[in-house]
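What follows is a set of notes on a single structure, which appears directly below.
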Amino acid sequence: MDILITGLLLGGTYALIAMGLNLQYGMARIMNLANGEMLVAGGFAAFWFWTAGQLSPFLTVFLVFPVAFALNWLVYQVFLRPLVKRAKSRGQLEVDAILTTFGLSFVSVGLMLAFFGGDYFSYSYLSVPVHLFGSTWGANRVAAFGAAVVICGALWLWLSYSRAGMTIRAIAVAPDSARLVGIDVRKMAALAFALGGAVTASGGALISTFLTLDASTGVMFTLKALVIVIMGGVGEVRGTIVAALLLGLLETFVATVIDPGLTLAAAYLLFVVILLFRPQGLFGKRPT
């Protein structure tokens, strides 16, 4: 039971990390290698508001979300939309986006180092025990898991049932056909990219309550998010959630039963196995 609950709590954290990239890569078709830096920036914001004014990170989310949305919208319009205009194929767009966002990740790290320094940062919030099923867990982790459930559930409902959400799904599946029915593909792609960045920054604010971060840790979150998105199926919200929970359970089992040093190896082994036997991901559809 301890392994199950710990794995689910870790998987909820991973879902928060990966959901934003799923929107950016799965819907807007932008492989954003600066995604992790946006998460760290959200964590920095929560840290600053808590230490400066004792504002709860769960309230900071409501400040971080719109600011991150506007910033990512601007990034898309200035740096990525020209790439979309000139790309002659989806493959060329992905290559150009990888190179551009790789550079943006270094710019982001440099800016955060200039503003916040290179030290690790952490703070104590909800660092009290919670008793569940006869074991003790950190209240901050439990609260972050609850927030992950709400965010992921709201995104799934919005994408599945709202007009804007279904429009974004349409441009992800068939952008050329979407244009034929009057959908502004570029505008909706910008919306998906901005929303993904806002979700990522909000996730950073939440996980900063129990993780220690610094300006250069973003790349680790980007790699983990990329693994989860591809495992679950690019563009599949359900797949991202299931893959995140599966990865959390696997890493917890390996760390508890076998050897903590093998958790990373086990995660990437699972990733390779899924790529070999189901390259479209757990919930992805085979190309026709």
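All of the numbers you see were taken from the coordinates with simple rules; none came from a lab. A quick note: this is a predicted structure, and the numbers were derived from the prediction, not measured. Positions of Cβ are backbone-derived with ideal geometry, glycine not excepted, and every protein chain shown enters the neighbour counts.
How high is the relative contact order of the chain, given as a whole-number percent (alpha carbon pairs under 8 Å, six or more residues apart)?
Working: 471 pairs, mean separation 111.3, N = 288.
It rounds to 39 percent for the chain.
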Given that compact globular proteins tend to follow 2.2 N^0.38 Å, what is the ratio of the alpha-carbon Rg of the stretch 149-196 to that value? 1.15
Farthest toward positive dipole pole in the stretch 2-277 [+1 Lys/Arg, -1 Asp/Glu at C-beta], among Ile230, Gly118, Val142: Ile230
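Would you mind ranking Arg238, Arg141 by Cβ crowding within 10 Å, fewest neighbours first?
On the way: Arg238 14, Arg141 22.
The order, fewest Cβ neighbours first, is Arg238, Arg141.
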Contact order normalised by residue count of the stretch 138-233, Cα under 8 Å, 6+ apart, percent: 29 percent
Taking every pair of alpha-carbon atoms in the stretch 86-230, give the share separated by more than 20 Å as a whole percent. 63 percent
Connecting every pair of Cα atoms under 10 Å apart in the chain and solving the GNM, the largest mean-square fluctuation among Gly11, Gly36, Gly134 falls on Gly134
Compare Met112, Met166, Met188 in a GNM of the chain, Cα atoms joined below 10 Å, and give the one with the largest fluctuation. Met166
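At 222 nm, what helix-only mean residue ellipticity would the chain give, in deg cm²/dmol to the nearest 500, using -39500 (n - 2.57) for each DSSP H run of four or more?
Numbers: 12 runs with 201 residues, N = 288.
Value at 222 nm, helices only, nearest 500: -23500 deg cm²/dmol.
Please get the size of the charge dipole for the chain, origin at its Cα centre, with Cβ charges of +1 on Lys and Arg and -1 on Asp and Glu, quoted in debye to the nearest 20.
I would put it at about 1200 debye.
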Anchor Lys85: lysines whose Cα lies under 16 Å away (excluding residues fewer than 8 positions away in-chain): Lys187
Using only Cα atoms, tell me the angle between helix 237-253 and the longest principal axis of the chain; keep it within 0 to 90° and round to the nearest 10. 30 degrees
Once the dipole of the chain is set up with Lys and Arg at +1 and Asp and Glu at -1 on Cβ about the Cα centre, which of Leu206, Ser89, Phe58 lies farthest towards its positive end? Ser89
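Sort Ser108, Ser124 by Cβ crowding within 10 Å, fewest neighbours at the top.
Numbers: Ser108 20, Ser124 10.
Result, fewest neighbours first: Ser124, Ser108.
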Which of Ala255, Ala70, Thr6, positive extreme of dipole for the stretch 2-277 (C-beta unit charges): Ala70
Here, the stretch 2-277 modelled as identical Cα point scatterers in vacuum has Debye log10 I(q)/I(0) at q = 0.08, 0.09, 0.16 Å⁻¹ of -0.32, -0.41, -1.28
